[in-house]
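Student: Before I ask anything, let me first share the structure, which is written out below as structure tokens.
What follows is calculated from the coordinates using simple rules that are stated; it is not laboratory data. In this text the structure is predicted, and so the values were computed from the model without any measurement. Every residue, glycine among them, receives a Cβ derived from its backbone with ideal geometry; neighbour counts consider all protein chains shown.
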Amino acid sequence: MFAAGAPERMRAGARQNKAPGGPVIEVSGLRKRFGDNEALKGISFVVRPGEIYGLLGPNGAGKSTTIGILCGLVRPDAGQASLNGIDIARRPVDARRVLGVVPQEVALYSEFSARDNLNFFGQLYGLSGAALTSAIDRVLQRVGLADRAKEPIERFSGGMLRRLNIAAGLLHGPSVVLMDEPTVGLDPQSRASILELVRSIATGGAAVVYTTHYLDEAERLCDRIGIIDHGAILAEGTLQELRQAAGAREIIALRGTFRAEAVALEVEKQADVELIKASEDELLLTVQRAEQQLTQLLAMASTLGTVREVAIRQPSLENLFIKLTGRELRD
Amino acid sequence: MRAILIIAAHQIRRVVRNPGLILLLLAIPLTLAVMEYAAFGRTAAEGKLPPTKVLFLDEDDTLASGAVPQVFSGGPAKDFFELAQVPSRDEAARMFTRGDASALIVVPKGFQDALLAGRPSELVFYANPIQTIGPEIARSMVEMTALIGNGLYAQALEPIGRLKALFDQKRDPTSAEVAAISQGFFEAGRRLGGFQALGDLKVNVQRPGEAEARTGFGNDPKMFFAYVFPGLVVFALMFIAQSLAMRLLRDRMNGLQRRIVMAPVSPMSVVMGGVVYLVTGLLALLVALAVIGAIIFRIQLRDPVSLVAIGLGFAVFAAGLHLLSGSLARSDRSAGFVGSVVVLVLSLVGGTFVPAETYPPFMRAVAALVPNGAAQQGFIDVLVHRVPLADLGGRLGVTWAWGLVTMALAVYFERRRLRV
């Protein structure tokens, strides 16, 4: 296990364990429409063995639809997705044999013990007899619940349930693991423990797709990150690549009451100011040096309305996210 | 197939681990059967109505007044009435309030004198206001007796009138008057003599068909539970099916079903795993109820093949019904509400609470066409009327047709919901 708060060491370990082969997960031009809502607009990405791919986006961005397609639960309108070279749409059951899924909600039977829960899920993956017993022992050890195996899980803490939730997805030794916000609602200690566990899964050679709301998790954990919004991947790359894409520009957020229709015209008159978002209650702008340009921007904003709050953000992944999507991750 | 069995076995294991609600639901038909037996069972077993308690207050205390209770305590009436003397009207009122009696008959003072004097005489009848049927039975008996008495009296009205006139004039009759009065009584006697057979009148009760070919519960009162229990079992089974199906629905809402579908099993296997769990569970509980019925209520489980054929068909229907409502519902609350309403309506129409044989013809036909009504009557046909499997075609056909159609719809909608 990795120590908490050691992201660089964790990433280094992951790189060393990456298999030399091609991608395990290949997603190409996925499109999906639910009525009038175009949930996916041609998403493409690949994930290699031992790699953790972070899918970062707000609610409704298209993460769940993407996960649903990778699990074979949602049929895409166009495009292709494969796991280990198996086309998911054509052979969903075969594809799911190599897939381990850790859903966002704790999907376990509360009246059963940890061992009984794993016993059931193991059987669904074709395990039985000694192989099943051995697999259960192994994953319980791995998630640190071996000594609580026979207890009814209704006595478990939130962190323990999350770990068991992960264990159920790892039981059959999958080469692809999809983790849908596995740390939601946990305390920092439990989160750290689960992040270590995720890193160890990748270290073992599995390709991991990790969706999250937490930018710091994505920064600490993921080898590559795809920023998704409105059904499209807006940016993709390593953390370093994304930071470079964000540039050295800072973001100034002005909150108050504005005439949104007049903003674009006023911003054009300002030197070295880019508009990200303009609404009646918020203006998001990027500038080279916020401290130097703040007075000038406040003067401009006062011609557009009333400013009640000013915030300056330093260059970061969050800045890039805001720059790309026009909103914060939790919007 | 393996996945179907794994899922079904897992769900059944959950029920076994956490059987509280199911045990509670199992107790419903047993409790209702005991309650129905307490209310009607003894009467039905003996083939008699429960006795109506009538109070009697003799304020006249004469020979004639003392004969009045004979109306209720003599002849066949003694099986239908329980007569009790009371010392006062107040005591009778207290017993009415407690529901201890249905009626009070008072013979007022001067009753005999009025009879002898030829004046109008009356019995006073009080009905217990908190009861309905008992007082009506007692009143009918009193009025009928008075009617017969008045009728007999009317036959000798003419000579009695002559006698009364003589008494009023306080004189001895002449020879001609004696002859005329004697002639009058003689004529009355001759008229009644024509009905000599009335003195030995019996009622010969006949029932259609041969003794072995019983066609109604009334022919064999010992079959009380075999007649009552199937309806209650069918009723309980529908609620048990709802409870079992709700577990699947909650699994869906808690993300457990989604997790199962993410495993390498086909969506159809997941759906069929639920179906096998529901049908197997219901059939097992049906067998348990049948065995309990045989042990506690002495129901003879004759023709097990027919019973299983009906029971399986109904289990398929009950499972399909609640699986379908779960598939179409947006929440467990709406599924629970819709399922409960459907079960109650079916139970009312199918004859769970009131025997369908007492329905008007149209409703009786409807009862035979709803699945629970057909299954209930099928069970009764086998257990009470000893109908062989070959003659159960109609009941089996209706039960299985409902079962297969409902289940097919449930599987279709469940399967469709699992694939977006």
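Student: Compute the relative contact order of chain A as a whole-number percentage, counting only Cα pairs closer than 8 Å that sit 6 or more residues apart in sequence.
Tutor: Taking the mean separation of contacting Cα pairs over the length of chain A, I get 21 percent.
Student: Still on this structure: With only alpha-carbon pairs counted, each pair once and no self-pairs, how large is the Kirkwood hydrodynamic radius of chain A in angstroms?
Tutor: Mean inverse Cα-Cα distance, inverted, gives 21.5 Å.
Student: Give me the distance in nm between label points sitting 7 Å out from Cα along the Cα-to-Cβ direction at B:ARG190 and B:ALA284, one decimal.
Tutor: Here the answer is 8.7 nm between the modelled labels.
Student: Go through B:17-27, B:236-246 and give me the packing order, highest mean Cβ count within 10 Å leading.
Tutor: Put in order of decreasing packing, that is B:236-246, B:17-27.
Student: What FRET efficiency, computed as 1/(1 + (r/R0)^6) with R0 = 25 Å and r the Cβ-Cβ distance, is obtained for B:THR174 and B:ALA154, rounded to the nearest 0.05?
Tutor: 0.45
Student: May I pose another question? Excluding B:ALA3 itself, what net charge comes from residues whose Cβ is under 13 Å from its Cβ, given Lys and Arg +1 and Asp and Glu -1?
Tutor: Combined, the nearby Lys, Arg, Asp and Glu give +3.
Student: Once every DSSP H run of n ≥ 4 in chain A is given -39500 (n - 2.57) and the sum is divided by its residues, what mean residue ellipticity at 222 nm do you get, rounded to the nearest 500 deg cm²/dmol?
Tutor: When only DSSP H runs of four or more count, the value is -11500 deg cm²/dmol.
Student: Treating only the Cα positions of chain B as identical point scatterers, give the base-10 log of I(q)/I(0) from the Debye formula at each q in 0.06, 0.11, 0.14 Å⁻¹.
Tutor: -0.45, -0.91, -1.19
Student: Just to be sure I follow: if Rg is taken over the C-alpha atoms of segment B:51-200 and Rh is the Kirkwood radius over the same atoms, what is Rg/Rh?
Tutor: When Rh is taken as the Kirkwood radius, the ratio is 1.08.
Student: Only sites in a loop by DSSP and with at most 10 other Cβ atoms within 10 Å count here; which GluC sites (Glu not before Pro) in segment A:242-298 make the cut?
Tutor: none
Student: Still on this model: How big is the C-alpha Rg of segment A:208-268 next to the rule-of-thumb value 2.2 N^0.38 Å, as a ratio?
Tutor: Compactness ratio reported: 1.51.
Student: So, in segment B:51-200, how many Lys pairs have Cα atoms under 30 Å apart, if the pair is 8 or more places apart or on different chains?
Tutor: Counting lysine pairs in segment B:51-200 gives 5.
Student: Follow-up question, since we're still on this one. Specify the residue with the greatest mean-square fluctuation among B:MET262, B:MET363, B:MET223, computed from a Gaussian network of chain B linking alpha-carbon atoms under 10 Å apart.
Tutor: B:MET262
Student: Please work out whether the protein assembly as shown counts as rounded, prolate or oblate from its C-alpha gyration tensor, where a ≥ b ≥ c are the square roots of the eigenvalues and a/c under 1.5 means rounded, while otherwise a/b larger than b/c means prolate and anything else oblate?
Tutor: It comes out prolate by the Cα gyration axes.
Student: While we're here: For chain B, what does the relative contact order come out to in percent, with C-alpha contacts under 8 Å and a separation of six or more?
Tutor: 18 percent
Student: Let me ask something else. Quick check on segment A:35-149: take the gyration tensor over C-alpha atoms, sort the square-rooted eigenvalues as a ≥ b ≥ c, and tell me if it's rounded (a/c under 1.5), prolate or oblate.
Tutor: prolate
Student: Segment B:119-174: which GluC sites (Glu not before Pro) are DSSP loop and have at most 14 other beta-carbon atoms within 10 angstrom?
Tutor: Those satisfying the criteria are B:GLU122.
Student: With springs only between Cα atoms under 10 Å apart, run a GNM on chain A and tell me which of A:LEU320, A:LEU73, A:LEU30 wobbles the most.
Tutor: Among A:LEU320, A:LEU73, A:LEU30, the largest GNM mean-square fluctuation belongs to A:LEU73.
Student: In percent, what relative contact order does segment B:51-200 have, based on Cα pairs under 8 Å that are 6 or more apart in sequence?
Tutor: 22 percent
Student: If each residue's Cβ is checked for other Cβ atoms within 10 Å, how do A:ARG138, B:ARG258, A:ARG162 rank with the fewest at the top?
Tutor: If I rank by nearby Cβ atoms, fewest first, I get A:ARG138, B:ARG258, A:ARG162.
Student: Would you calculate the separation in nanometres between label points at B:PHE362 and B:ARG386, each defined as 7 Å from the Cα along the Cα-to-beta-carbon direction?
Tutor: Taking the two extended label points, one gets 3.8 nm.
Student: What is the local net charge at A:ARG224, summed over the other residues whose Cβ is closer than 10 Å to its Cβ (Lys, Arg +1; Asp, Glu -1)?
Tutor: Its environment carries a net charge of -3.
Student: Suppose we keep just the DSSP beta bridges with both residues in chain A; what percent of those would be antiparallel, to 5?
Tutor: The antiparallel proportion sits near 70 percent.
Student: DSSP beta bridges in the protein assembly as shown, what fraction antiparallel, as a percent rounded to 5?
Tutor: 60 percent
Student: Follow-up. Once every DSSP H run of n ≥ 4 in chain B is given -39500 (n - 2.57) and the sum is divided by its residues, what mean residue ellipticity at 222 nm do you get, rounded to the nearest 500 deg cm²/dmol?
Tutor: Dividing the helical sum by the residues of chain B leaves -21500 deg cm²/dmol.
Student: Oh, and also: For a quick check, take a GNM of chain B with Cα springs below 10 Å and name the residue from B:PHE362, B:PHE353, B:PHE111 with the largest mean-square fluctuation.
Tutor: Largest GNM mean-square fluctuation: B:PHE362.
Student: With the alpha-carbon atoms as the only input, what is the per residue convex hull volume for segment A:248-314 in Å³?
Tutor: About 69 Å³ per residue, rounded to a whole number.
Student: Which FRET efficiency value, to the nearest 0.05, do you get for B:LEU166 and B:ILE133 by plugging their Cβ-Cβ distance into 1/(1 + (r/R0)^6) with R0 = 41 Å?
Tutor: The pair B:LEU166/B:ILE133 has a calculated efficiency of 0.30.
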